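The values are calculated or read from the model by the stated rules, or taken from the named source; none is laboratory data. All values derive from a computational prediction rather than experimental measurement. Ideal geometry is used to build each Cβ from the backbone, glycine not excepted, and the neighbour counts take in all protein chains shown. For the accessible areas, the whole protein counts, side chains as well, though only heavy atoms, and no ligand, DNA or RNA atoms are used. Shrake-Rupley method; radii C 1.70, N 1.55, O 1.52, S 1.80 Å.
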Amino acid sequence: MEGIVLCALAMLACFIAGRRSIVWGIGAVMTIGYGYGILRANVPNPAMHFLFDAGALGFYLALVTRGFSPSQRPRLVALQPWIALLVGWPLLLFLFPVQDPMVQLVGLRGQIFFVPFILIGAMLEPDEWYALAKWFAVLNIAAFGFALAEYIEGVPKFYPRNVMTTIIWASHDVAGHTAFRIPSTFTSAAPYSSMMVATVTLLLGAQVQRRGSNLDYWLLSSAIVATGLGVFMGASRSQAAALFLMLGLTFLMGHMSFKVLFRVAIVIACVGLVVMNNERMQRFTSLSDTDLVQERFNYSVNTTFLDTALKYPMGNGLGGGGTSVPYFLRDRLKNAVELENEYGRIMLEEGIPGLLIWVSFIVWVMLSPLPTKKNPWQLGLRLGRMYLAISFSTMVMGSGMLNSVPNTAFILMLVGWVSLRRLAPVAQKTMQPDRVARTRLAGNMN
């Protein structure tokens, strides 16, 4: 009963926040997403699996009832063909009962539920992104506080052993298998590290602008340090590598001012000093073991992918290819097949046509032009695109990127944000008739 009550409260809170503003709505949804893991672990009720979904549904409803501004509509229209394909194809597959109806419903949720966040990311204005950066700064500092408490007091004190915490209790492999990876408030350590890397794009992009008060600057600066430490406390090797690549390639390929480089260098020095003196944060150093990396790559990328594609060209049914199915529905799975590969998961659930739709959309997003140098969010957008490029590339080595709470929601918001640059020509075209009309009016008056 308490699980249902919490879901109802989450939906109501996000609806009210969304009615106030889109930033408040996103903030409310993400706050629930940040607390989703630790709440679900301590309230092991089947209804708790839908806590984040309830909040997101409340926010979606608020957006629909609020309506959209004239400046937002062209962006939504430009993305509509892609959204129709990404949502329409799984809906069509849902009509074919390959799996149990409840399993297919869970699979359908995994394929389409987060997609609207692409539109939400495209709708946001620069000032709203800045306000959202401050919200994430507070969330990341709070998450670091929980991570620090777990580091000192021990993870078991916050995450009791039950069916909801199986992955956490299996992650006792840090510092010579003497300590747990730190999950903070997330469902496991990997999503914590992943979310911290993703939000660096927004925090650093906002911090270098030096807008707002000094409080904003120190809030964002503190959050960046806490976020960087969180990546290594979560002890995800792939996310540590993603952070190094994102920052390294972005600054090597861009023309950053000395002031920006100096600030980033200070942050890196602070985080690096702590990591270098703490064995529990050094799991990423195993990446130097080339045999281990090759073994992990071969495990995810092998001939099994091609064999499975030939065996299931139209997929194995929604929910039957690796989407996280609640424990109380797993006995209904038929011929479950899983690949440790996100593209493989998409192919197994949506078939080759669904995989081609996603790959085409990703290519379209990644070919979006870079912002102009005058854009205050130039660094944030550049970091965002670099992060997406790394994330989409490493999807071949693991699954879950497009089906994680709240990470997927934020990643797809970045997708909508980065792809927004393609809409500039559309905006210019829509403005041209108005200019022509004004010119004609002026001519007639003369």
Under the helix-only model (-39500 (n - 2.57) for each DSSP H run of 4 or more, divided by the residues of the chain), the mean residue ellipticity at 222 nm, to 500 deg cm²/dmol, is -22500 deg cm²/dmol
Can you give the charge dipole size of the chain about its Cα centre, rounded to the nearest 20 debye, using +1 on the beta carbon of Lys and Arg and -1 on the beta carbon of Asp and Glu? 1640 debye
Given a Förster distance of 25 Å, report the FRET efficiency between E338 and V359 from their Cβ-Cβ distance, rounded to the nearest 0.05. 0.80
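Relative contact order of segment 1-49: what whole-number percent is it, with Cα pairs under 8 angstrom and at least 6 residues apart?
Numbers: 28 pairs, mean separation 22.9, N = 49.
Once normalised by length, the contact order is 47 percent.
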List the pair-distance distribution P(r) of the chain, using every Cα-Cα distance, as the percent of pairs falling in each 10 Å bin from 0 up to the bin containing the longest distance, rounded to whole percents. 4, 20, 31, 28, 13, 3, 1, 0, 0
Can you grab the distance from the C-alpha centre of segment 142-176 to the C-alpha centre of segment 179-223, Å, no decimals? 20 Å
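To the nearest 0.05, how large is the calculated FRET efficiency for I141 and R73 if R₀ is 45 Å and r is the Cβ-Cβ distance? Walk me through the numbers on the way to the answer.
Values: r = 36 Å, r/R0 = 0.80.
Step by step, r from the Cβ atoms, then E = 0.80.
May I ask you to order 387-400, 323-336 by the average number of other C-beta atoms within 10 Å around their residues, highest value first?
Values: 387-400: 19.6, 323-336: 14.6.
The densest-packed peptide leads the list: 387-400, 323-336.
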Packing-based ranking, highest mean first, of 314-321, 375-382 given that Cβ atoms within 10 Å are counted: 314-321, 375-382
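Give me the compactness ratio for segment 58-209, meaning the Cα radius of gyration over 2.2 N^0.38 Å.
Numbers: Rg = 20.0 Å, N = 152, 2.2 N^0.38 = 14.8 Å.
In units of the globular-protein estimate, segment 58-209 measures up at 1.35.
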Built amide H within the under 5 Å cut-off of A179, gap 5+: D173, V174
Residues of segment 21-42 with backbone nitrogen within less than 16 Å of a virtual label 7 Å along the Cα-to-Cβ line of L12, please, listed as ranges. none
Output ordering of 1-12, 50-61 (per-residue mean of other Cβ within 10 Å, highest first) is 50-61, 1-12
Of all lysine pairs in the chain that are eight or more residues apart or on different chains, those with Cα atoms under 23 Å apart total 7
Across S222, S419, S213, the residue with the highest GNM fluctuation in the chain (Cα network, 10 Å cutoff) is S213
For segment 132-190, count all C-alpha to C-alpha pairs, find those more than 15 Å apart, and express that count as a whole percent of the total. 50 percent
How large, in percent, is the carbon and sulfur part of the accessible surface of segment 108-239 at a probe radius of 1.4 Å? 63 percent
Over the chain, average the accessible area per residue using a 1.4 Å probe and give it in Å², no decimals. 46 Å²
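State, as an integer percentage, the relative contact order of the chain based on alpha-carbon contacts under 8 Å between residues 6 or more apart.
Details: 636 pairs, mean separation 92.6, N = 446.
Rounded, it is 21 percent for the chain.
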Let me check the size of segment 1-115 from its C-alpha atoms; what are the radius of gyration and Dmax in Å? 16.0, 44
